[in-house]
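Working notes, structure below.
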Amino acid sequence: MRTSRVLTWDVSESGGYETAWVDLDEKVLRARGRAVGTVPETHWISYALDTADGFVTRRLLVEAATPHGTRFLDLRRDDGGRWTRNGERIPQVDGALDCDLGLCPLSNTMPVLRHGLHREPGEREFLMAWVRVPELTVEPSRQTYTHLGHGRVRFASGDFRSDLEFDEDGCVVDYPGLARRLTSR
């Protein structure tokens, strides 16, 4: 069953807001979104995310504008698990299934949906292709997601931990310290 939603978050970490137009079916997520923020500097972000079956990232396109100019990112993962950034290989994230767009609560959806962690017990560790915002650099990030109860998942990376709340579709409702959703449709 396919669902289409428009979600908006108050992103306290960036001092701004994000809105995403999300299409979900049983195995694929497609989204486009826009965000504005004032931390770490005034910026706006526009992105498009496309996953393959199993909610595995296929492509993330991002445009970031700051007072210092505009940057572009074309992040791709091929069927062999190899990643490129604007056509250049980035082997340090090879094997990762997901991207994680910094300051974007939507990008926590893919690993949670893939393993049903918002509904079922379990703990999974992932290597992510983490995109720093607004710089649009790509770095490896080890992240662990642990089911805490229906709709609740602990996110951990290094010394950072946060207990996230997800809706039935696997989209973030509350990410303490980062973002809280304003809309539910």
- Evaluate the charge dipole of the chain about its Cα centre and quote only its size in Debye, nearest 20, assuming +1 on the Cβ of each Lys and Arg and -1 on the Cβ of each Asp and Glu. 240 debye
- Message: Using alpha carbons only, how many angstrom separate the centre of the stretch 138-185 from the centre of the stretch 96-128?
- Response: 8 Å
- Message: Less than 17 Å from a label point 7 Å out along the Cα-to-Cβ axis of MET1: which backbone N atoms in the stretch 148-170 qualify, by residue?
- Response: 167-170
- Between TRP130 and residues 5 or more places away or on another chain, which pairs have amide H atoms under 5 Å apart, with H built 1.01 Å from N, and which residues are they? ASP100, GLU139, SER141
- Task: Pull out the extension gain between ASP163 and GLN92, defined as 0.36 nm times the separation in residues minus the alpha carbon to alpha carbon distance; nm, one decimal.
- Result: 22.8 nm
- With only helices counted (DSSP H, runs n ≥ 4, each -39500 (n - 2.57)), the per-residue ellipticity at 222 nm for the chain, to the nearest 500, works out to -1000 deg cm²/dmol
- Query: How large is the charge dipole for the stretch 99-183, taken about the Cα centre, if only the Cβ atoms of Lys, Arg (+1) and Asp, Glu (-1) carry charge, to the nearest 20 debye?
  - Reply: 40 debye
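None of the figures in this text is laboratory data; all of them are computed from the coordinates on show. This one's a predicted model, so the numbers in the text were calculated from it and none came from an experiment. For neighbour counting, all protein chains shown are included, and Cβ atoms are generated from backbone atoms with ideal geometry for every residue, glycine included.
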